[in-house]
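Asks: Okay, here's the structure, questions in a sec.
The values are calculated or read from the model by the stated rules, or taken from the named source; none is laboratory data. Here the structure is a predicted model, which is why all the values come from computation and not from measurement. FYI the Cβ positions are ideal-geometry reconstructions off the backbone, even for glycines, and counts take in every protein chain you see.
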Amino acid sequence: MPTTGRRWVVRTIAPSFTVGAMCIIERSDGALLLVRHVYRRRWGVPGGLLKRGELPADAARREVREEVGIDVELEGEPAVVVDPDPQRIDVIFRARPADGIDPATVVARSPEIEEVRWFGPDRLPELQHETAGALVALARSSAAPQARVLPARSEGRAAAPPAAAPPAAGPS
């Protein structure tokens, strides 16, 4: 379903924030796994909405299996991007193919996915807005692990830098 139509349906049924999980999957040589949806021109990463009661990490692994047919190992802490318009929260995980998985076996497994391909970090194609934001959020959270929640980029403005974590309370 086209993005605008999907947003309208989701907003009509559930007018609060939606929560999704995305996986930035990196191969041992540094290449990133990207997917191209049939309804979007730019490339993105595997991911989707959480099911009711589902944990973000479980949703991320499930979406990767459904979309590209492999298991992944999640690495480190996720980054979180809050986008007030269109009322979306994305939990972004860094991942690698699970042990024993041949990265060459990755193929589109969902009718929503038109193409699946590994890209070197210096040869990335035109990315979906959400995917570009996810890469920035993971880079920032890796550089500043105390700040994991990042605001999304607003129209015409860059995302605000993450706030520093409050000092830990210690004995007086």
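This table checks each residue for (1) farther than 18 Å from Glu126 by Cα; (2) in contact with a strand residue (DSSP E or B) (Cβ under 7 Å, 6 or more places away or on another chain).
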position: Trp8; (1), (2): yes, no
position: Arg40; (1), (2): no, no
position: Pro46; (1), (2): no, yes
position: Ala79; (1), (2): yes, yes
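Every residue, every condition in (1) surrounded by 15 or more Cβ atoms within 10 Å (Cβ to Cβ); (2) in contact (Cβ under 8 Å) with a residue 40 or more places away in the chain; (3) farther than 24 Å from Glu115 by Cβ; (4) not aromatic (Phe, Trp, Tyr), yes or no:
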| residue | (1), (2), (3), (4) |
| --- | --- |
| Arg6 | no, no, no, yes |
| Gly48 | yes, no, no, yes |
| Glu67 | yes, yes, no, yes |
| Asp83 | yes, yes, yes, yes |
| Ile89 | yes, yes, yes, yes |
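Asks: Scan the strands (runs of 3 or more DSSP E) fully inside region 31-91 and keep the ones with 1 or more residues being more than 17 Å from Leu135 (Cβ to Cβ) and either out of contact with any Asp or Glu (no Cβ under 6 Å at 6 or more places or on another chain) or charged (D, E, K, R) (or both).
Replies: 47-49, 72-83
Asks: Picking from Ala163, Ala143, Ala158, Ala139, which residue would you name as being more than 24 Å from Asp71 (Cβ to Cβ), surrounded by 11 or more Cβ atoms within 10 Å (Cβ to Cβ), modelled with pLDDT under 80 and not basic (Lys, Arg)?
Replies: The conditions single out Ala163.
Asks: Tally up the residues in region 55-113 that are among the hydroxyl-bearing types (Ser, Thr, Tyr) and either over 17 Å from Ala21 (Cα atoms) or under 13 Å from the mean Cα position of the chain (by Cα) (or both), please.
Replies: Number satisfying all stated conditions: 1.
Asks: Quick one: would you say Ala21 is more than 24 Å from Arg123 (Cα to Cα), of a type outside the set (S, T, N, Q), surrounded by 17 or more Cβ atoms within 10 Å (Cβ to Cβ) and in contact (Cβ under 8 Å) with a residue 12 or more places away in the chain?
Replies: The answer is yes for Ala21.
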